[in-house]
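Working notes for the structure below.
The values are calculated or read from the model by the stated rules, or taken from the named source; none is laboratory data. Keep in mind that this is a model prediction, so the values were computed, not measured. No Cβ is skipped: glycine too gets one built from the backbone with ideal geometry, and neighbour counts run over all protein chains shown.
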Amino acid sequence: MALVAPSLLAADFGCLHEQTKLAENAGADWLHFDIMDGHFVPNLSFGADFVRQMRPVSGLFFDVHLMVEEPLNFLPMFENCGADLITVHYEACSDLPAVIRHLKERGIKVGISLKPQTPADVLAPYLKDIDNILIMTVEPGFGGQKFMPRQLPKISRTRELIGSGDTTLEVDGGINTQTAELCVKHGANVLVAGSAIFKAEQPAQIIRQLHYAGEK
Ligand code: DX5
Ligand code: ZN
């Protein structure tokens, strides 16, 4: 069964407490926070204080996706915000080992994300040190984009690299019940979905389908 991580970027920002509760009650496993700096990606979203203020609202596993240039400069802000996992972009870090060390020393799980043009094999030197790999299946920056099927071989290759290790393999961008099935068949086990969940009439039904995507 895949884990499901609704992305708050697609939620109604006027009532984020309710939207978080809705995701939780609908069966979500993780809650995905998209943090954008307007440099690494051409968009802005929210910061560490937002994550901190949401922490008392939900018992979900907080999955923070940092789309910021040089995340090491931002990590002190994120230290006590209640993030369970912080995933940084490979392309954004001039010193990735320092980022990994910083998070591990503070007991926060660490992930690496790859943009669509970055090959899976760059992960090889870091595999034993990380908890999560996030493969972007759209160009990062905006919700509601179309899934890129050309990322599927990269998902398979990432699964080969992880092997039987317990690093999670997360996919993000254009995930719906159809594309989730393809991703799971290629080895993904965490599904981020924004629009597919928050724009749905019955989010619980979508989350159930995502949980079992690719299983039969
Ligand atoms: C895009 C973000 C995604 C986005 C997914 O840069 O990383 O998490 O919110 O949204 P959907 O599921 O609508 O493509
Ligand atoms: Zn994301």
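Here are the numbers for the structure shown:
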| item | result |
| --- | --- |
| Unmet requirement for Phe198, which otherwise passes all of (1) farther than 20 Å from Ala28 by Cβ; (2) within 16 Å of ligand 2 (Cβ to nearest atom) | (1) |
| Residue count, segment 157-216 (criterion: assigned to a loop (DSSP other than H, G, I, E, B) and among the β-branched types (Val, Ile, Thr)) | 2 |
| Selection count where residues are within 13 Å of Leu134 (Cβ to Cβ) and either loosely packed, with under 15 Cβ neighbours inside 10 Å or within 14 Å of ligand 2 (Cβ to nearest atom) (or both), scope segment 72-90 | 5 |
| Residues of segment 96-153 that turn out to be part of a loop (DSSP other than H, G, I, E, B), hydrophobic (A, V, I, L, M, F, W, C) and within 16 Å of ligand 2 (Cβ to nearest atom), as a count | 4 |
| In segment 126-151, the residues that are of a type in the set (Ser, Thr, Tyr) and surrounded by fewer than 21 Cβ atoms within 10 Å (Cβ to Cβ) | Tyr126 |
| Residues (within 16 Å of ligand 1 (Cβ to nearest atom) and touching a residue at least 40 places away in the same chain (Cβ under 8 Å)) located in segment 92-138 | Ala92, Gly111, Ser113, Leu114, Asn132, Leu134, Ile135, Thr137 |
| Any hit, segment 47-61, residues being within 12 Å of ligand 2 (Cβ to nearest atom) and either surrounded by 19 or more Cβ atoms within 10 Å (Cβ to Cβ) or not aliphatic (A, V, I, L, M) (or both) | no |
| Number of the condition not met by Lys154 [criteria: (1) more than 14 Å from ligand 1 (Cβ to nearest atom); (2) surrounded by fewer than 19 Cβ atoms within 10 Å (Cβ to Cβ)] | (2) |
| Those residues of segment 24-50 which are in contact with a His (Cβ under 9 Å, 6 or more places away or on another chain) and of a type in the set (Phe, Trp, Tyr), in sequence order | Phe33, Phe40 |
| Pairs where the first residue, in segment 184-207, is touching a residue at least 24 places away in the same chain (Cβ under 8 Å) and the second is among the polar types (S, T, N, Q) and within 13 Å of ligand 2 (Cβ to nearest atom), C-beta under 7 Å, 6+ apart | Val192/Ser7; Ala193/Ser7; Gly194/Ser7 |
| Matching residues, segment 4-46, being of a type in the set (Asp, Glu) and either in contact with a Lys or Arg (Cβ under 7 Å, 6 or more places away or on another chain) or buried (at least 21 other Cβ atoms within 10 Å of the Cβ) (or both) | Asp34 |
| Conditions (1) of a type in the set (A, V, I, L, M, F, W, C); (2) within 14 Å of ligand 1 (Cβ to nearest atom); (3) more than 16 Å from Ala26 (Cα to Cα): number failed by Leu182 | (2) |
| Members of segment 16-45 found to be without any contact (Cβ under 8 Å) to a residue 24 or more places away in the chain and closer than 22 Å to Lys115 by Cβ, listed by number | Gly38, Leu44 |
| Unmet requirement for Glu215, which otherwise passes all of (1) over 22 Å from Leu9 (Cα atoms); (2) away from ligand 2 (no atom under 16 Å from the Cβ); (3) at pLDDT 95 or above | (3) |
